[in-house]
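Working notes, structure below.
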Amino acid sequence: MNGIDVRLAPAAVAVWLITWLGLNVAPATSFVLAGFCGVGALIAWLTRTPLGYALALVAGAAAAAALAIGWRVAARDASPLMDLARHHGSARLTVVVAGDPHPIASAIPGQREVAVPVTLRSATAAGRRWRLSGSGLVLAPLDSWGALLPSQRLVADGRLLPPRGGDLTVAVLSARSPPLDVSAPSRLQRLAGGLRAGLRRAVAGLPDGPRGLLPGLVDGDTSGLSPALTADFQTTGLTHLTAVSGANCSIVAGAVLFLLRWLRAGPRTSAVCAGMALIGFVILARPSPSVLRAAVMGALALVALATGRPRAAVPGLAATVLALMFVSPALAADPGFAMSALATAALLLVAPAWARRLRSWHVPAGLAEALAIATAAHVASAPLVAAISGQVSLVSIPANVLTEPAVAPATVLGVLVAMVAPISLGAATGIAWIAGWPARWIVAVAQHGAAMPDAVLRWPQGMGGALLLAAVIGATVWLLWWRPTRRVAGAGMVGAALVVVPVQLVAPGWPPPGWRFVACDVGQGDGLVLNAGGGNVVVVDAGLQSPSIDDCLRTLHARRVRLLLASHLDADHVDGAPGVFDGRRVDAVATGPVRSPPTGWATLSAAAAGHGLTVQQWVAGQRWRFGDVRLEVLAPTRASHGTTSDSNNSSLIVRATVGGQRILLTGDAAPEEQHALVRSGVDLRADVLKVPHHGSEYFDQGFLAATGARLAVISVGAHNDYGQPAPTLLAALRGLGMRVKRTDEEGSIATCSVRRVQSVSSHRARASPTS
């Protein structure tokens, strides 16, 4: 490795693995393992050989790690809160906020929650009081807990829940009431909060993407990123940009070093100023354990970059890992720490050699380094990402190469915005406008990369998937190192391009030309889109999750929603409504005659009110038209009461006419509503039938026959718990001569004309909810 000192690396790896294992086993197992390792270290030392000394170092470090983690886990399990948590007892805890509250999925419909990491100080329960130490977690409403800052001391009441295990969390408190006796944050945290607030005020005038991305680049706050853009970053392997990592620290300190070298400052002055910049960045991003870890990693990378001595940086990395495992053993199970350490090791050990090899293949110098850095980081972290997410990004390397030139300017300018904002908001706003341009480029790369066909490859999750991908990557790198293999691979890539590119040019992509109606693949729910022309659409129902409908609208290039129409207010039709508003204008919102269930009405009305709209309530006879779309509400005439399902029986049944094609949209209309509509004699004829209630086994045969449709589209989630679509329904549809298309089997389905119906699977794979 060109003289790189890796002697400490095996000990670091051993301590890391032992610590991770100790978090997941009983303390007694760790103590036994410590004994075996200690005996092994003694035996290796007595051999008095260089190999023996090396093995003794590894075994001795492992023994110390096993003892340390065993003692900490034993202390966690001995806490009086553990027994209370097992019985879900109530308690009052005195805690100190240890990190930023971050949003989580709530078990209560319509309520937003946060998870707040805390340090325990005392607990009162069942008439007793204990002094405590250790880590805890509070799950609480966003409204009353979301603005807390680290270092604040407070009292929390709630119900104790057992921790999930695998870390040192003593207990989880589910709090439904606001915190009590909240103290003021420390001066350092107030300073950090002021800088972060100034950054957000300065970027408020930027478009949605850059406005949410810049805080993520600067201080790791991704709360402003839309769910769809967050998913795009995950698909393209750019998520690391929005987490405070060693790269962020290196960029900030490196920018200071560059400026000082240009000013011809001396080495000591440069080192002191770069160190002060690093400290300032830690204050801005908040000095949490993860940020401090990132600062250490960044400092190591900076040392290697500034001195050109990776020999010193690799032992430093190993020593840092060793120290952090003893100081904060929970990092052993932290994916962020693992990816940061692996990426740093790859940049120090692999990237320089790959860059030299690329230059020897006549790749230009700047491009060679960019490719080597992006590839090394991706190769090092891909197995871990695959183990967690069950997918491998096929566009990650080009996406990282394309965004690399923009990351440093956006980050440095973003930090400058935060520093200037308390002095002059106007000047900070001007700098933010400049910073917005590289941020726009990063957003554009993420969005276009995620929209590429087959951007993500599904992969087995867990340790098996990680080992399999590591083996595939290793074999690929080994094969490509040999010239004959490279030539064969290059010829294969050229041949594939000669075949694939013409096919992509000739074959219709997504959306297909002349599309009229799309049933989006939103899982177990409805998300339907009508083409009003010129980037204008009508959306009927929004599915269960915002990212799914927003992703579909993006692929359809929908810029403006002329109408968002909810057939009824069940969660699988309206909970995704915020995604319809994400990055596009919505002109009107409407639903049926009932406001039940209340959570659905609250979700839809809140989404509308956030954009200055009120929800209209439609009944039979309502007509609406824009561009190529005409809507006619056929039912209901009034809200249903006392039926098997009042909500479903009050679903709007709408006939849409788009460019001459008639589409009958039926929501979750139950058999009572279907039968009543047939008896009323209303004209139900249509070319396309959106089958009611995701293909439920409860349907009216006469209703299906009265439509006379040639195509039946079923919007349904794969492997759902309801047995939908029902075999009896499918048989009835086919018996009526209808062609059946299902989103669970074929993805998003598009119809293109009256006589020509085309089904196209979604070109982007996204996990969809099934229930």
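The values are calculated or read from the model by the stated rules, or taken from the named source; none is laboratory data. This is a predicted model, so every value here is computed, not measured. Using ideal geometry, Cβ is built from the backbone for each residue, glycine included, and neighbour counts are taken over all protein chains shown. Just so you know, the surface numbers come from the protein's heavy atoms only, side chains and all, with ligands and any DNA or RNA stripped out. Shrake-Rupley method; radii C 1.70, N 1.55, O 1.52, S 1.80 Å.
Annotations
- Using the average count of surrounding beta-carbon atoms within 10 Å as a protection proxy, the listed peptides 178-186, 10-18 rank, highest first, as 10-18, 178-186.
- To put it simply, the accessible area of the chain at a 1.4 Å probe is 64 percent carbon and sulfur.
- Residue 452 contributes an accessible area of around 100 Å² to the protein surface, as traced by a 1.4 Å probe with all chains present.
- Segment residue 559-residue 479, extension gain: residue separation times 0.36 nm, minus the distance between their alpha carbons: 24.2 nm
- Helix screen, the chain: DSSP H segments with Cα axial length of 24 Å or more and mean Kyte-Doolittle hydropathy at least 0.5 are 27-46, 50-77, 267-285, 289-307, 310-327, 365-389, 396-420, 425-450, 462-480, 483-506.
- Per-residue ellipticity at 222 nm from helix content only, as computed over the chain with -39500 (n - 2.57) for each DSSP H run of at least four residues, stands at -16500 deg cm²/dmol.
- Rel. contact order, % - alpha carbon contacts under 8 angstrom, at least six apart, the range 96-218: 21
- Each label point was placed 7 Å from the Cα along the Cα-to-Cβ direction; for residue 425 and residue 384 their separation is 4.0 nm.
- Label point distance in nm, residue 273-residue 444, each placed 7 Å from Cα along Cα→Cβ: 3.3
- Relative contact order for the range 604-717: 18 percent, from Cα pairs under 8 Å spaced at least 6 residues apart, divided by residue count.
- Added length on full extension, which subtracts the Cα-Cα distance from 0.36 nm per residue, residue 746 to residue 177: 200.3 nm
- Theoretical gain in end-to-end length, residue 404 to residue 461 [0.36 nm per residue, Cα-Cα removed]: 17.7 nm
- Over the C-alpha trace of the chain, radius of gyration and Dmax come out as 29.5, 98 angstrom.
- Here the simple spin-label model places points 7 Å from the Cα toward Cβ, and for residue 602 and residue 698 these points are separated by 2.6 nm.
- A DSSP coil position with no more than 14 other Cβ atoms inside 10 Å describes the following trypsin sites (Lys or Arg not before Pro) in the range 102-205: 112, 164, 176.
- Ligands, DNA and RNA are left out, and with a 1.4 angstrom probe the accessible area of the chain is 45 Å² per residue.
- Trypsin sites (Lys or Arg not before Pro) restricted to the range 30-87 and DSSP loop, no more than 15 other C-beta within 10 Å: 48
- Efficiency of FRET from Cβ geometry, residue 719 and residue 319, R₀ 51 Å, rounded to 0.05: 0.60
- The orientation-averaged shadow of the Cα convex hull for the range 170-246, equal to a quarter of the hull surface, comes to 8.2 nm².
- In the chain, Cα pairs under 8 Å separated by at least six residues give a relative contact order of 9 percent.
- The calculated FRET efficiency for the pair residue 734 and residue 28, based on their C-beta separation and a Förster distance of 60 Å, comes to about 0.45.
- When +1 charges are put on Lys and Arg Cβ atoms and -1 charges on Asp and Glu Cβ atoms, the dipole computed for the chain relative to its Cα centre reaches about 1840 debye.
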